[in-house]
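A.B. asks: Below: one structure in structure tokens.
What follows draws every value from the coordinates through simple rules; no lab data is involved. Because the structure is a prediction, the values reported are computed rather than measured. Every residue, glycine among them, receives a Cβ derived from its backbone with ideal geometry; neighbour counts consider all protein chains shown.
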Amino acid sequence: MHASGFDRTRPLLLLVMAAAALGGFALGHPGIVSTQNLDSMAVFGIEIGMIALGQTLVICGGDTGIDLSVGAIAGLAQVILGRLLHLDLAWPVAIGMTLLAGLVLGGINAVAISWFRIPPIIATLATLFGYQGLALVLTGGINIDLTHESPLFLAIGQGHVLGLPLQLVALYLPLLAAFAFLQHGTRFGRALYLAGTNDRAADLAGLRASRIRAATYVLCGLVSTIAGIVGAARLGTARPDAAGEANLISIAIVVLGGTGIFGGTGSVIGTALATVVIGIVDYGLSYNDFNPIYQAGVIGVILIGVILVENPFVAWRDSRRTNGA
Amino acid sequence: MAEIENHDRRARRLGRIGLLAGAALLAGAAGQARAAPPTIAFVPKLIGIPYFSAMKQGLDQAGKKFGAHIIYQGPTTASVSGQAEIVQSLINKHVAAVGVSANSPTALEALAKQAKAQHILFYSSDSQVNGPDVALRVQQTSNRGLAYAVMDQLAKAIGGKGDVAFVSGGPTATNLNAWIALMKQRLAAKYPGIKLVSIQYAGEDINKATQVTGQLLSAYPHLKGIVGINSTAVPGAAQAVLRAGLSGKVAVTGITDPNSIRPFIMNGTVKSVVLWNPISLGYLTGWGIMQELQHKPFHKENTVPGLKQKVRYFAKTRTLLLGKPLVIDKSNVSLNF
């Protein structure tokens, strides 16, 4: 294993899976490998992919770190944005204020967990309900219509740059690069791995583990907010229930991407590859009229399957290493 | 040592089997061929509930009769994003027509535009999409027709006078509030002897509706009738009336489906409820799209082969209106939706 907790096995396995899934779908329906379809896969995968980046850092920080409120933050952020836009604020101003709100929402999680020492699963479960409720109150349960907002705003979710979705080129990839650098190239990243691996050791080394973790919740709130904004621009609509499924799927993606659920291992690179796998499978199943009732089950099968395939492989590799030494 | 190796091998084999099964699953799902008749896709709010299964039944009948291949595909929860993803995949597949029962009136406008640009007919049925790119809307019944029919059933059940209460779903639900306003209007105009004493809200929750109705029954001992405004309120209210031993003394009616209310109609607590027929709605949708695809214009009043009633068309909003609501009583409660 790499010093920073990066392990190559899972990313390779995910690449193989992504290729196999795309190949499998193409066998039955060759039309799926078209720019239009790949474009759609990217568009639908990006929002959950962004959220999963934040979730990776949270889980990586250890101490049972998890953020169950990501979907609720995305929904609430979307609703806040919608209300601000309906106040006739210029859209960049409204987005700026929404991003600030996102930092606050993540900050509330951070304070609850790092300051008041509430276990993350309880703290974020509480904020999940709180944020969801607040979003409902702000909308009165009604859909906020954003289809008549500035085309420039709508382009955030519907535009294209050099034939690629704008949100991929201008938002997701830069975010991924920034998170990868943060995790693997900075002191903060190394401190995060140490905090995730051994809380006490980190403290004794003069690192404030709880502060490092607090920062991950704030970042997670921020990317969830960005995902909410992109979703609102894509659909021209803000809804309190916009990203409800993101709460759990983001965790599934992080785990599939090779981040240990107990912290201290994993990488946003793995998370990004897992997003690609889930994106292909999700879209491919819809494209082939696969009964959606079973689609959630397929994600479960993949999650278990990857571990079943990986365990013997890792065991074999380790035994060869010890034998070789 | 041998044992460990054995275990290892088995684990590896299991992994392989899993992978093969997964690949087979994907390949199997992928085996679909394009058929010669036009493909009409319908994306309901969510799948797996009897209401939309009934709409599918009607669509399938129309598909068989008028020669279309029907795709029925939707999200498992009433999710806007899930619906958008499925609609997008259907557009990318270049079906002849794609439509929805929309989870949001605005969130699919961009996709409707995209469909139109690719010469795919975009329609909405049951719950509509706004905007100029929707080629056809199919509406079950007018709000007015539905609300008035419920008040007529109520008046019939309580003999035209007495105190009544409403149990609704969410206090902010647009459609429910529109119905309540129209019901009040009907009472004021036609049944001055009926007095609405209270409106309570129980969400989409049968148990809550039972609880709320129980409270109404004790707060207003002279209550003659209870109207459930949404599909869970009616069976919930009927349960409370039955439990209080007031079957036959306090009338229960409202807007709900036969599956929810069947036991209460069979035991006499409820005489009749009102809804539209989702099978006919699906059928009419299928017919309407085929007309559009064959470029046959609609008239103000249309005769649809296989439907008894005449169907009106409103050119301004491109809307087909199924027509009068369906009164469900002992004679037709066996309808499955």
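A.B. asks: Dividing the alpha-carbon radius of gyration of the protein assembly as shown by 2.2 N^0.38 Å (N being the number of residues), what value is obtained?
C.D. replies: For the protein assembly as shown, the normalised Cα radius of gyration comes out at 1.07.
A.B. asks: Once you've got the GNM for chain B with C-alpha springs shorter than 10 Å, pick whichever of B:39, B:174, B:106 has the biggest mean-square fluctuation.
C.D. replies: Sorting by GNM fluctuation, first place goes to B:174.
A.B. asks: For residue B:39, list long-range residues whose amide hydrogen, built 1.01 Å from N in the peptide plane, is under 5 Å from its own amide hydrogen.
C.D. replies: Long-range HN contacts for residue B:39: B:69, B:96, B:97.
A.B. asks: Still on this model: Considering only B:241, B:304, B:273, give the residue with the highest GNM mean-square fluctuation for chain B, with springs between Cα atoms whenever their separation is below 10 Å.
C.D. replies: B:304
A.B. asks: Just to confirm the number: angle between the C-alpha axis of helix B:233-243 and the first principal axis of chain B, 0 to 90 degrees, nearest 10?
C.D. replies: That works out to roughly 50 degrees.
A.B. asks: Once each part is reduced to its C-alpha centroid, what is the distance from segment A:258-295 to segment B:186-226 in angstrom?
C.D. replies: The two parts, judged by their Cα centres, are 49 Å apart.
A.B. asks: Of B:65/B:113; B:208/B:249; B:65/B:93; B:64/B:316; B:271/B:316, which ones are farther than 28 Å apart at the Cα?
C.D. replies: Check vs 28 Å cut-off fails for B:65/B:113; B:64/B:316; B:271/B:316.
A.B. asks: Also, quick follow-up: Kindly express, to the nearest 10 degrees and within the range 0 to 90, the angle between helix B:278-293's C-alpha long axis and the longest C-alpha principal axis of chain B.
C.D. replies: Approximately 50 degrees, to the nearest 10.
A.B. asks: Same structure again: Can you tell which of A:59, A:118, A:269 shows the greatest fluctuation in a Gaussian network model of chain A with Cα springs below 10 Å?
C.D. replies: Fluctuation is largest for A:118.
A.B. asks: Still on this structure, please answer the following. Going by a ≥ b ≥ c, the root eigenvalues of the Cα gyration tensor, does segment B:143-275 fall in the rounded group (a/c under 1.5), the prolate group (a/b larger than b/c) or the oblate group?
C.D. replies: Rounded, because the longest to shortest axis ratio a/c is under 1.5.
A.B. asks: For segment A:107-128 and segment B:265-320, write down the distance between their C-alpha centroids in whole Å.
C.D. replies: 52
A.B. asks: Quick one: if you stick a label point 7 Å off each Cα along the C-beta vector at residue A:34 and residue B:177, how many nm between them?
C.D. replies: 4.3
A.B. asks: Explain nothing, just the number: relative contact order of chain A, from Cα pairs under 8 Å at least 6 residues apart, as a whole percent.
C.D. replies: Normalised by residue count, the contact order of chain A is 36 percent.
A.B. asks: Then there is this: Where a ≥ b ≥ c are the square roots of the eigenvalues of the C-alpha gyration tensor, would you call chain A rounded, which needs a/c under 1.5, or, failing that, prolate if a/b is larger than b/c, or oblate?
C.D. replies: oblate
A.B. asks: Placing +1 on the Cβ of each Lys and Arg and -1 on the Cβ of each Asp and Glu in the protein assembly as shown, which of B:104, A:11, A:311 has its Cα farthest towards the positive end of the resulting dipole?
C.D. replies: So the residue furthest toward the plus end is B:104.
A.B. asks: With contacts defined as alpha carbon pairs under 8 Å and 6 or more residues apart, what's the relative contact order of chain B in percent?
C.D. replies: The normalised contact order for chain B reaches 18 percent.
A.B. asks: What nm distance separates the two modelled labels at residue B:330 and residue A:304, each placed 7 Å from Cα along Cα→Cβ?
C.D. replies: Spacing of the two 7 Å Cα→Cβ label points: 5.0 nm.
A.B. asks: Hey, got the dipole for the protein assembly as shown? About the Cα centre, +1 on K and R Cβ, -1 on D and E Cβ, debye to the nearest 20?
C.D. replies: It works out to roughly 1560 debye.
A.B. asks: Using only atoms on other chains, find how many Cβ atoms lie within 10 Å of each Cβ of peptide A:231-242 and report the average.
C.D. replies: That average works out to 5.
A.B. asks: If you don't mind, there's one more thing I want to ask. Given an 8 Å cut-off on Cα distances and at least 6 residues of separation, report the relative contact order of segment B:143-275 as a percent.
C.D. replies: It rounds to 28 percent for segment B:143-275.
A.B. asks: Long-range amide H contacts for residue B:162: which residues qualify at under 5 Å (H placed 1.01 Å from N, peptide plane, sequence gap of 5 or more or a different chain)?
C.D. replies: It is B:194, B:195, by chain and number.
A.B. asks: Given labels modelled 7 Å from the Cα in the Cβ direction, how far is it in nm from residue A:86 to residue A:188?
C.D. replies: Each label point is offset 7 Å from its Cα along the Cβ direction, giving 3.5 nm.
A.B. asks: What's the longest uninterrupted piece of chain A once you rule out the trypsin sites (Lys or Arg not before Pro) that are loop residues per DSSP with at most 15 other Cβ within 10 Å?
C.D. replies: With trypsin sites (Lys or Arg not before Pro) excluded where exposed in loops, chain A gives A:209-325 as its longest stretch.
A.B. asks: Considering only DSSP states other than H, G, I, E and B, which trypsin sites (Lys or Arg not before Pro) in segment B:275-314 qualify as loop sites with at most 16 other Cβ atoms within 10 Å?
C.D. replies: B:300, B:308, B:310
A.B. asks: Ordered by residue, what ³J(HN,Hα) values in Hz, to whole numbers, does segment A:76-91 give under the Karplus form 6.51 cos²θ - 1.76 cosθ + 1.60, where θ = phi - 60° and Gly and Pro are x?
C.D. replies: 5, 4, 4, 5, 4, 4, x, 4, 5, 5, 6, 7, 6, 6, 5, 4
A.B. asks: Over the whole of B:71-84, what's the average partner chain Cβ count within 10 Å per residue? Rounded to a whole number, please.
C.D. replies: Shielding by partners across B:71-84 averages 5.
A.B. asks: Can you give the charge dipole size of segment A:1-106 about its Cα centre, rounded to the nearest 20 debye, using +1 on the beta carbon of Lys and Arg and -1 on the beta carbon of Asp and Glu?
C.D. replies: Dipole magnitude for segment A:1-106 comes out near 140 debye.
A.B. asks: Moving on. How large is ³J(HN,Hα), in whole Hz, for each residue of segment A:56-68 in order, when computed from phi with the Karplus curve 6.51 cos²θ - 1.76 cosθ + 1.60 and θ = phi - 60°, using x for Gly and Pro?
C.D. replies: 4, 4, 4, 5, 4, x, x, 6, 6, x, 6, 10, 7
A.B. asks: While we're looking at this one, here's another question. Quick one: Karplus J couplings for segment B:325-331, per residue in order, coefficients 6.51, -1.76, 1.60, θ = phi - 60°, nearest Hz, x for Gly and Pro?
C.D. replies: x, 9, 8, 9, 9, 4, 6
A.B. asks: Additional query: Would you mind working out the magnitude of the charge dipole of segment B:143-275 relative to its Cα centre, with +1 at each Lys and Arg C-beta and -1 at each Asp and Glu C-beta, to the nearest 20 Debye?
C.D. replies: It works out to roughly 420 debye.
A.B. asks: What angle do you read, to the nearest 10 degrees and between 0 and 90, between the alpha-carbon axis of helix B:2-30 and the longest principal axis of chain B?
C.D. replies: 70
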